[in-house]
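Down below is the structure, laid out as structure tokens.
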Amino acid sequence: TAGRCSRSASNVREASPDLIVASGDLTSSGSLPQLTCFREAIEAVSKPVFPLFGGHDGKEERLQKRAGNTFTMNYEAALGPSYYSFDWGGRHFSFYPNEQLFFSPADCQRKETWFWADLGLQPEDRQIVVVVHTPPPVSFLDALGSYPVRLVLYGHWHSSKVFSYGNM
């Protein structure tokens with residue numbers, strides 16, 4: 001396992017990024033050993049890696065069918081909060097896991113309240129990057145249009161696609 005996890009570091013050296021955004025589905029089932037392996041792999045990378053929770057990262061917990069629960073405990077134990085924000089290079093980054101079925105109704109509401117408040121705290125001249133896991137619906141993009149969001153990153157599709165929408 002350690003050999004498989006450490007290979008990613010050599011790929012990063014070749015690309016030489018300033019930072020790495022990992023937009024979810026970091027594991028296949030979200031078991032604690034898988035998430036720990038991912039954490040160990042990114043600890044070997046010399047550049048900062050910012051992960052986002054994706055559905056696969058809570059799959060094992062969700063299969064236990066605990067109704068009304070949030071299925072991010074393994075993720076948070078290995079990697080930290082499932083949603084967060086930070087400033088980098090003059091931009092504000094907001095990581096918002098948008099697979100709502102993995103959050104209890106109360107946690108969905110807390111996450112929503114935090115996200116929109118976080119965007120609202122940013123000055124109008126600071127560009128915002130929003131990171132979600134699944135492709136966002138147009139209604140979400142429309143709501144983002146009220147803020148200086150200039151880039152929305154997402155994964156899930158396992159391919160590269162580029163779209164423009166409004167100022168994003």
Q | DSSP bridge orientation in the chain - percent antiparallel, rounded to nearest 5 | A | 30
(Q) Please list, ordered by chain and number, the residues whose modelled amide H lies under 5 Å from the amide H of LEU153; skip anything fewer than 5 residues away on the same chain. (A) VAL130, VAL131, VAL132
Q) Sequence-distant or interchain residues sharing an amide H contact under 5 Å with LEU26, placed H: which? A) GLY54, ASP57
Q) Whole-Hz Karplus ³J(HN,Hα) for the stretch 108-113, in order, using 6.51 cos²θ - 1.76 cosθ + 1.60 and θ = phi - 60°, x for Gly and Pro? A) 4, 5, 4, 5, 4, 4
Q | Solvent-accessible area, 1.4 Å probe, carbon plus sulfur percent, for the stretch 74-146 | A | 55
Q: Write out the trypsin sites (Lys or Arg not before Pro) in the stretch 109-156 meeting two conditions: DSSP loop, and at most 14 other Cβ atoms within 10 Å of their Cβ.
A: ARG126
Q) When only the heavy atoms of the protein chains count and the probe is 1.4 Å, how do LEU141, LEU63, LEU119 rank by accessible area, highest first? A) LEU63, LEU141, LEU119
(Q) Sequence gap at least 6, Cα distance under 8 Å: using those rules, report the relative contact order of the chain to the nearest whole percent. (A) 19
Q.
Run through the stretch 13-74 and list the trypsin sites (Lys or Arg not before Pro) located in a DSSP loop whose Cβ has at most 13 other Cβ atoms within 10 Å.
A. LYS65, ARG66
Q: Select from the stretch 33-139 those GluC sites (Glu not before Pro) which occupy a DSSP coil region and have at most 10 other Cβ atoms within 10 Å, ordered by residue number.
A: GLU124
Q) So how much accessible area does ILE42 have, in Å² to the nearest 10, using a 1.4 Å probe? A) 40
**Q.** Accessible-area value, HIS56, 1.4 Å probe, nucleic acids and ligands omitted, Å²
**A.** 70
Q: Can you spot the lysines whose alpha carbon is less than 27 Å from LYS47's alpha carbon? Ignore those fewer than 8 places along the same chain.
A: LYS161
Q: Using θ = phi - 60° and the Karplus relation 6.51 cos²θ - 1.76 cosθ + 1.60, list the HN-Hα couplings for the stretch 44-59 in order, rounded to whole Hz, with x at every Gly or Pro.
A: 7, 8, 6, 9, x, 10, 10, x, 10, 5, x, x, 4, 6, x, 4
Q: Kindly report, to the nearest 10 Å², the accessible surface of TRP88 as traced by a 1.4 Å probe over protein heavy atoms only.
A: 90
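The values are calculated or read from the model by the stated rules, or taken from the named source; none is laboratory data. It should be emphasised that the depicted structure is a prediction, and the values quoted were computed from it without experimental measurement. All Cβ positions, even for glycine, are placed from backbone atoms using ideal geometry, and neighbour counts span all protein chains on display. Protein only, heavy atoms only, side chains kept; ligands, DNA and RNA dropped before computing areas. Shrake-Rupley method; radii C 1.70, N 1.55, O 1.52, S 1.80 Å.
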